Each structure stands twice: as C-alpha cells, then as structure tokens.
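Trainee: Dumping the structure here so I can ask a few things about it.
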Amino acid sequence: MPSVLLLGATGLVGAHLAADIKRSRPDWPLTAFYRNQSADEYFSRVYVDRIVHGSFSDTDLVKSLSKEHDIVINAASSFDADLINLIISGMEERPSTSPKGTLIHLSGTGNFIDYGTTGNFNPESKVWNDDNEEDIKLINKDMFNGATDVPVLEAGQRGKIATYIICLAVTSGQSAFGPTAQLGVGYNIFVGLAKGLGFVPYVGDGTGVVSTVHVQDAVPFITKIVGVAGTQEPQGSAYSRYYIVHGERFAWKDFSGALAKVLYTKGLVSSPEPKKISMDEAGVGEVKHLIAANMLVKGDHAARMGFKPVQPSMLVSMQKDIGEHVF
Ligand SMILES: NC(=O)c1ccc[n+]([C@@H]2O[C@H](COP(=O)([O-])OP(=O)(O)OC[C@H]3O[C@@H](n4cnc5c(N)ncnc54)[C@H](OP(=O)(O)O)[C@@H]3O)[C@@H](O)[C@H]2O)c1
C-alpha cells in the first residue's frame, strides 16, 4: 500500500481531501501534516493514520517526511517556491531501492489570465487547455503560480520522481471544519480586497470572465489522481499530467454583484452593490490583475479522466460559504 503525506491538511481543500482519500483508499496509510492542534479531533474522526504537527519552517521535518512517503500531496501553497523545492529535494533523495516517489501539486488558474487591464471580455484572448502540452510548456515563473509549477514540471521531466499537477479554478465551498475555519485562497483574496477598499470592485464593464470550481467537485478528482498515482506507472510527459479543473465561468460583474450582497449582510462593505473602478484604483499587488482580466481555461483532459462538475454555481454557493462564515 503506498503511503500518502498531505501538506495543507487543515485548508479548504486539504480537510475535505483527507476524508475523501480515507473513504476511497482506507488501506493506504495517510499522514496529515499541520500546525493547528485543535484539528486533531477531526483528523482522528476521518481515520487519518498519522498526525504530524509542524510548520513549513521545520524544514528538516518537511524534507524527511517528503522522502519517507510514496505519495506527497501539496495542498498548502502554490506560491511558496522554497516549500516546493524542499519537498522535491526530499523526494529526490529516496534510495534507489524504494519505489519512485510521486508529487501531486495543487495549482491555480490565475496562471492563465490574459493580463487585460480594461475589465472587458476579450474574444481574442487565449483559451488554455490541459489537453495541449504546448500550452502547459508555456507556464513560466512570472505566472501567478509559476514559482511552484515550474519546479514541479522540471522535476517531473528529470524523472527521479513522478509528478501530477491539478490546477484549480477559483474555488467555492465550505470548510470541512465549519464556519470558523479557512475560507480558502480564492475567497481570501477577493474578500480581503473588498474589506481593504470598503466596497466590492469590478473593472470596466465587468464582462471579463472568471473560471470557478466547487471544492466538492474538485476533491473527488484529486482523490482519483491519488489513486492513479498509487496504482499505475506515470504515462506521458510531466506536461501531460497537468489537469485543469473548472466548472462555471461567468463575468466579473456577476461575481462582484454576488460578493457585494453577501459581504454587505456581514457588515464588511458599505454597499450591497459593487462599484466600478479602474484597475489602478484596485490598489497595489497582483490581485487587481485578476479582476481586470479574463481567465479562460478548458479542462478537456481532466474531463476525459472523469472530472464532471455537479455542485451549485459559485454565485449561489457564495451566499452560504461566506454568509455562514465567522470572520
Ligand atoms: N481556494 C482557491 O480558490 C484556490 C484556487 C486555486 C488554487 N488553489 C490552491 O490550492 C491549494 C489549497 O488551497 P486552499 O484554498 O485549500 O488553501 P487554504 O485554505 O489557505 O489552506 C492552506 C493550508 O496550508 C497550511 N499552511 C500555510 N502555511 C503553513 C505553514 N507555514 N506551515 C504549515 N502549514 C501551513 C494552512 O494551515 P493553517 O490552517 O495552520 O493556516 C492550511 O492547512 C493552494 O496551493 C492554493 O493556492 C486554491
């Protein structure tokens, strides 16, 4: 039975994933790594076999755990290059007598925005497709998640470890821990922007598009890839083992409208209506690029592997996900 290490176990994706892996592969020993000790009861309840408390600053521990396990899942960060390089260096030190390690890395479709600045839909923009290896070869370190995707793809091509990348669209859904837990990276970005501005923004006419997925659609697919990684030899190149998972795609203005409504009910913004601004008024940093741009992706390969979104639209889910969240 392959042993599995889950990093980021207490996150929006990680907590659902731990439970789903144990449901689907009850005999595979699963180690959950996290720092929040109040989560112990949850992980015992979902039959995680081993709990290791620690932070990513415990570099020797992260490296030795990565070396020890047959499958390592990074559900913690798609931005932290030091972390991913540490994981890879540990995995590549596995003795030749052990089975080759497999890294399953979660990334994000922020990689594939067109860097438009008007906020308007651009029918000429590139649609990135996981079925086209040439698209995946274009991923570079300047992209939103490029600092981690590139070393993972390079390690996969070196071949000392096998790699799979599952690239998530902006993710909705509620934490498995209930309303006081993580909202997840996507919600944190957009709620944080709105709280900072005091209102929910959109840029231009707001027809630029965002791609979304529900955590309960994404997680069974990640579990499926864990199963593939533990039972089959890796097929093709590292670029072909890159899966884009997305459900609904809608205009930023609709996203902002739904977000404004729920954040207003929580007393976090001054109006239930979103406000039109220019990209420069959205502040500094990378986030303003997201809301001004188009995020056009297709997951034909993931769909062939069985990914099928069935959960409610993020426009609906958001009212519950954020509405019931305790800030
Ligand atoms: N949610 C989205 O919209 C979205 C979209 C695209 C891609 N992704 C990617 O998918 C992955 C999972 O996302 P998510 O939304 O589930 O993330 P999340 O809810 O923010 O969870 C992050 C996890 O990483 C852990 N972590 C962070 N820093 C740590 C440290 N220094 N030491 C130990 N643990 C640490 C957190 O632990 P604590 O609980 O202790 O903080 C938490 O378990 C990420 O790589 C993310 O970029 C997410």
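Nothing in this text is a laboratory measurement; each read-out follows from the coordinates by a stated rule. Since the structure is predicted, the reported quantities are computational estimates derived from the model, not experimental observations. As a convention, Cβ positions derive from the backbone with ideal geometry for all residues, glycine included, and neighbour counts pool all protein chains shown.
Trainee: Determine the dipole magnitude for region 1-158: charges of +1 sit on the beta-carbon of Lys and Arg, -1 on that of Asp and Glu, nothing else is charged, the reference point is the Cα centre, and the result goes in debye to the nearest 20.
Mentor: 480
Trainee: Where Lys and Arg each count +1 and Asp and Glu each count -1, what net charge lies around residue 126 among other residues with Cβ under 12 Å from its Cβ? Could the numbers behind the result be given before it?
Mentor: Working: positive: 298; negative: 114, 124, 134, 135.
Spelling it out: positives minus negatives among the neighbours equals -3.
Trainee: Once the convex hull of the alpha carbons of region 228-327 is built, what does its volume come to per residue, in cubic angstrom?
Mentor: Numbers: hull volume 16.9 nm³, N = 100.
Cα convex hull per residue, to the nearest whole number: 169 Å³.
Trainee: Distance in nm between label sites at residue 284 and residue 310, each 7 Å beyond Cα in the beta-carbon direction?
Mentor: 4.7
Trainee: Let me ask you something else. Would you list which aspartates and glutamates come within 17 Å of residue 266, measuring only between C-alpha atoms, while excluding same-chain residues fewer than 8 positions from it?
Mentor: Cross-link targets: 321, 324.
Trainee: Sticking with this one: For the charge dipole of the chain, defined by +1 on Lys and Arg C-beta atoms and -1 on Asp and Glu C-beta atoms about the Cα centroid, which residue among 151, 315, 255 has the Cα displaced farthest towards the positive pole?
Mentor: After comparing all options, I get 315.
Trainee: Suppose only helical runs count, i.e. DSSP H with n ≥ 4. What mean residue ellipticity at 222 nm does that imply for the chain under -39500 (n - 2.57) per run, divided by all residues and rounded to the nearest 500 deg cm²/dmol?
Mentor: Numbers: 12 runs with 124 residues, N = 327.
Calculated from helices alone, the mean residue ellipticity at 222 nm is -11500 deg cm²/dmol.
Trainee: Given +1 on the Cβ of Lys and Arg, -1 on the Cβ of Asp and Glu, and no further charges, what dipole in debye does region 103-207 carry about its Cα centre, rounded to the nearest 20? Could you put the intermediate results ahead of the total?
Mentor: Numbers: 6 positive and 11 negative charges, 99 e Å.
The calculated dipole for region 103-207 is roughly 480 debye.
Trainee: Distance in nm between label sites at residue 195 and residue 85, each 7 Å beyond Cα in the beta-carbon direction?
Mentor: 3.1
Trainee: Oh, and also: Mind checking which aspartates and glutamates have their Cα closer than 16 Å to the Cα of residue 126? Skip sequence neighbours fewer than 8 apart in that chain.
Mentor: The reachable aspartates and glutamates, counting only those whose Cα sits under 16 Å from residue 126, are 114, 134, 135, 300.
Trainee: Something else: Quick one: net charge of residue 264's neighbours, Cβ under 15 Å, K/R +1, D/E -1?
Mentor: +3
Trainee: Ok, one more. When 326, 209 are ordered from fewest to most other Cβ atoms inside 10 Å of their Cβ, what list results? Working shown, then result.
Mentor: On the way: 326 8, 209 21.
Listing 326, 209 from fewest to most nearby Cβ atoms yields 326, 209.
Trainee: Please list, in order, the residues from region 236-269 whose amide nitrogen is less than 18 Å from a point placed 7 Å along the Cα→Cβ vector of residue 126.
Mentor: 239-245
Trainee: Something else now. To the nearest 20 debye, what is the magnitude of the charge dipole of the chain about its Cα centre, counting +1 on the Cβ of each Lys and Arg and -1 on the Cβ of each Asp and Glu? Before the final figure, lay out the partial values.
Mentor: Working: 29 positive and 35 negative charges, 105 e Å.
Approximately 500 debye in magnitude.
Trainee: Which of 21, 75, 208 sits closest to the plus end of the dipole of the chain, meaning its Cα is farthest towards the positive end, when Lys and Arg get +1 and Asp and Glu get -1 on the C-beta?
Mentor: Value: 21.
Trainee: Putting +1 on Lys and Arg Cβ atoms and -1 on Asp and Glu Cβ atoms, find which of 99, 175, 198 reaches farthest to the positive end of the dipole of the chain.
Mentor: 175
Trainee: Another question, then. Tell me, 281, 134 in order of fewest to most beta-carbon neighbours within 10 Å? List each step's numbers first, then the result.
Mentor: On the way: 281 12, 134 8.
By the 10 Å Cβ count, ascending, the order reads 134, 281.
Trainee: With label points built 7 Å along Cα→Cβ from the Cα atoms of residue 270 and residue 40, find their separation and express it in nm.
Mentor: Output for this residue pair reads 4.7 nm.
Trainee: Relative contact order (percent) for the chain, with alpha-carbon contacts under 8 angstrom and 6 or more residues of separation? The partial results should precede the final answer.
Mentor: On the way: 699 pairs, mean separation 71.0, N = 327.
Relative contact order here is 22 percent.
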